[in-house]
Amino acid sequence: MFIVVGLGNPGDKYRATRHNVGFVAVDILADMMGISINKSFGNSLVGSGSVDGEKAILVKPQTYMNLSGLSVSEIKNWYKTDTSNIILIYDDIDLSVGSLRIRPSGGAGTHNGMRSVISILDSETFPRIRIGIGSAPQVMDLADYVLSTFSPEENPVIGEVCKKAAKGAMLIMTKGIQEAMNRCNC
């Protein structure tokens, strides 16, 4: 079984923000797999399906970003899944807009949502897909930046990298993390 979690903030107010690219990528993955993410489960919206005969749960936490670990923990504990089968997709200010990095494990960096997940799961050993959203201008507060929308020039780039992130999650589930890294990191 695989659990794929896109990190973001719930509600229309945050729908198109930089911080919600994880939700966008999971929605694209859901479309690829023919899954509807419309069932409430604890602090999340979930949908389920299968890939290559393996069950797959797609998750959009409905806590705010800084409490994402609560949602991930609920799902992990309910399905009794090993952390190595939980794939996190999220934004990264340390990568330029449109960059993508897939890794088998690692720290949280500056991302509070990932800090929450790592703290509550007490593990860093799970695959992650980081979508570059660029760094905040020096004159802008980081929180304001991640809650801002993309420019018209950035929108198509972000759309493409979110598709690549969904493809990367699919590759992790079907071919393994190494194949996903080889084919999707850019």
Residues in the stretch 1-40 that a label on T174 would reach, taking backbone N under 20 Å of a point 7 Å out along Cα→Cβ: 1-6, 25-37
A16/L142 FRET efficiency (R0 22 Å; Cβ-Cβ; nearest 0.05): 0.75
Considering only the chain, percent of DSSP beta bridges that pair antiparallel, nearest 5: 55
Simple Cβ-charge dipole of the chain, Lys/Arg +1 and Asp/Glu -1, about Cα centre, in debye nearest 20: 340
The chain: relative contact order as a whole-number percent, Cα under 8 Å and 6+ apart: 26
Nearest-0.05 FRET efficiency for T110 and S151, computed from C-beta distance (R0 22 Å): 0.50
Sorted by Cβ density within 10 Å, fewest first, the residues Y90, Y145: Y145, Y90
Helical segments meeting 15 Å axial Cα length and Kyte-Doolittle -1.0 threshold in the chain (DSSP H): 21-33, 68-79, 154-174
The stretch 137-186: radius of gyration over Cα atoms, expressed as a fraction of 2.2 N^0.38 Å: 1.52
At q = 0.13 Å⁻¹, base-10 log of I(q)/I(0) for the chain (Debye sum, equal scatterers on each alpha carbon): -0.58
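Computed from the coordinates by the stated procedures, all read-outs in this text should not be read as laboratory data. For clarity, every value in this text was computed on a predicted model and none was experimentally measured. Cβ: placed from backbone, ideal geometry, glycine included. Neighbour counts: every protein chain shown.
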